[in-house]
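Comments concern the structure below.
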Amino acid sequence: MDHLHMTHEQACKLAPIEEPARQEFFMERCRELLNAHMAQYGMERCSFHIETFGCQMNSRDSEKLTGILEQIGFTQVDTEDADFVLYNTCTVRENANLRVYGRLGQLGARKKKHPEMMIALCGCMMQEPEVVEKLKKSYRFVDLIFGTHNIFQLAELLSVCFGQKKMVVEVWEGTDKIVENLPVERKYPFKSGVNIMFGCNNFCSYCIVPYVRGRERSRNPEAIIDEIRRLAADGVVEVMLLGQNVNSYGKTLEHPISFAELLRRVEQVEGIRRIRFMTSHPKDLSDELIEVMRESKKICPHLHLPLQSGSSRILKVMNRRYTKEQYLELAGKIKAAVPGIALTTDIIVGFPGETEEDFLETMDVVEKVGFDSAFTFIYSKRTGTPAAAMEDQVPEAVVKDRFDRLLKLVQDTGAKVSGREEHTVQEVLVEEINDHDSRLVTGRLGNNTVVHFPGDASLIGKIVKVSLDEFKGFYYMGTAVTEER
Ligand code: SAH
Ligand code: SF4
Ligand code: F3S
């Protein structure tokens, strides 16, 4: 069939209804349209660049978008100096949001000189109607806007863009659909994220994620295991199971299955040597999960367990559904079951109504648990969330002061606890050549601590035994040990 002489409406009539066949049809169509586009502008290749903001969900989505674009025939490049630039956006805090507008302004200036270039925006910000309105009004040069539920549709949407100069906007409010088996292009050959669920039902009162990612949907375990088998066959040794709250995985499936049971099945996949997961909500963390972690040979001794606040009063208003005492008890239980486990966390400072006493409760939990590291965030008001309407927002200067004190405590605690493996030999999965010194390689322990040691590119993707000679505050310097026979 000849796509060049077919309108989008005609193509839509011809396209299969079922997925992923429909998207395969549109990838083929885009390939022909892209070739025509390149011929028209005398281009040898058409390059693309995806800039990813936000969390691992977005990183994984970007790998899916990359897979689709490469299948169409675009060539990936590292900088925004590309023929097609796509921003995969985040809106969890306001500054994530502002960064996108700043960058977009610069991109618009470049497009004035290169009118043939295409600009697309997708991701969490696009799920907010005010954002799309603003883009339509003040950023007319954007060619394509789509939402978090439309990622799989990139080829279909792009084929509309090739045919017209108008801005194409497609943002679904929600979906119950999970499209399997579309192309994916991994950033790292040896490790990969694997979505096990999408969306979130928790509605923590400060958080915008449930509004922009929709209701919780779990993938079928068979689809997950199939994907992990294929990844293992393709050289992947480490998988990171992804969900906003992995501990509630599987509850809404036709044949319900627990997250712990899913982990048992992942453990069986040959070739996978390390299993990680992100994120665990404390309220749903089961004893069964702790047991599976204790028994497993592959699940990494690392748990990211977001605290958000140490004050039971604030936790209640945050709608987190656990208390300070419950959190401490849980952390204690996990540490006892998995000795040497690294605990990391997320903490918000300056939630509406947070008093000095509330804040000191947070400091107290940090001291008592001894986190290896913590992401600390200044509370950011997100329109549409219950917390945004709460009175007594904490003054900026007070928040700043608390933030600095917390950061210092977090760093000091991390420096104390995460050196626990100094002078031992541990397995390191080598990830890359060191950024600053090309004679070194950089990798991670199972508990996620970074290790640098002398080595070369041939080690990338390998698990190497390394003697951890010196702990430097938040990373180790080491030397590889050759195994004795
Ligand atoms: N699903 C994960 C978190 C996803 S968002 C969980 O429940 O743990 C990542 C982190 O961003 C959160 O843990 C929280 O600490 C932070 N965050 C979310 N909304 C925020 C807001 N409005 N202001 C500041 N930090 C926020
Ligand atoms: Fe946001 Fe809470 Fe859901 Fe995490 S669990 S994504 S913090 S609403
Ligand atoms: Fe940001 Fe969306 Fe992730 S808002 S943190 S990219 S789910």
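The values are calculated or read from the model by the stated rules, or taken from the named source; none is laboratory data. Here the structure is a predicted model, which means the values were calculated and not measured. Cβ: placed from backbone, ideal geometry, glycine included. Neighbour counts: every protein chain shown. SASA here: full protein model, heavy atoms, side chains in, ligands and nucleic acids out. Shrake-Rupley method; radii C 1.70, N 1.55, O 1.52, S 1.80 Å.
Structural remarks
- Per residue accessible area in Å² of the range 89-247, where ligands, DNA and RNA are left out and the probe is 1.4 Å: 42
- Evaluating 6.51 cos²θ - 1.76 cosθ + 1.60 at θ = phi - 60° for every residue in the range 364-369, the Karplus couplings come out as 5, 5, 4, 5, 5, 7 Hz, glycine and proline recorded as x.
- Contour minus Cα-Cα distance for ILE257 and ARG229 (0.36 nm per residue): 8.1 nm
- Annotation for ARG265 and GLU329: the two label points, set 7 Å from Cα along the Cα-Cβ direction, are 3.2 nm apart.
- The range 415-442 and the range 333-368: distance between their alpha carbon centers, rounded to Å: 26
- Rounded to 5, the percent of DSSP beta bridges in the chain classed as antiparallel: 35
- Surface per residue (accessible, 1.4 Å probe) for the range 372-453, Å²: 53
- Length gained on full extension, GLU70 to ARG45, computed as 0.36 nm times the residue gap minus the Cα-Cα distance: 7.8 nm.
- Take the Cβ atoms of SER286 and LYS187, set R0 to 45 Å, and the FRET efficiency comes out at 0.90.
- The range 270-362 - percent relative contact order, Cα under 8 Å, separation 6 or more: 34
- GluC sites (Glu not before Pro) restricted to the range 384-485 and DSSP loop, no more than 14 other C-beta within 10 Å: GLU391, GLU422, GLU483, GLU484
- Entry note, the range 30-114: relative contact order of 33 percent, from Cα contacts under 8 Å with a spacing of 6+ residues.
- Two-site FRET efficiency, TRP172 against LYS316, from Cβ-Cβ distance with R₀ of 25 Å, rounded to 0.05: 0.15
- Expressed as a whole percent, the accessible surface of the chain that belongs to carbon and sulfur atoms is 50, based on a 1.4 Å probe.
- Summarised as an ellipsoid, the range 423-478 has semi-axes of 16, 12, 9 Å, derived from the eigenvalues of the Cα gyration tensor scaled by 5 and square-rooted, with the largest first.
- FRET efficiency, LYS400 to GLU427 (Cβ-Cβ, R0 35 Å, nearest 0.05): 0.30
- Cysteines in the chain that lack a partner Cβ within the 4.7 Å cut-off: CYS12, CYS30, CYS46, CYS55, CYS90, CYS122, CYS124, CYS161, CYS200, CYS300.
- Extending 7 Å from the Cα toward the beta-carbon at both GLN393 and LYS112 defines two label points whose distance is 3.3 nm.
- Normalising the average separation of contacting C-alpha pairs (under 8 angstrom, six or more residues apart) by the number of residues puts the relative contact order of the chain at 9 percent.
- Computed log₁₀ I(q)/I(0) - Debye formula, equal Cα scatterers, no solvent, the chain, q 0.10, 0.13 Å⁻¹: -0.86, -1.38
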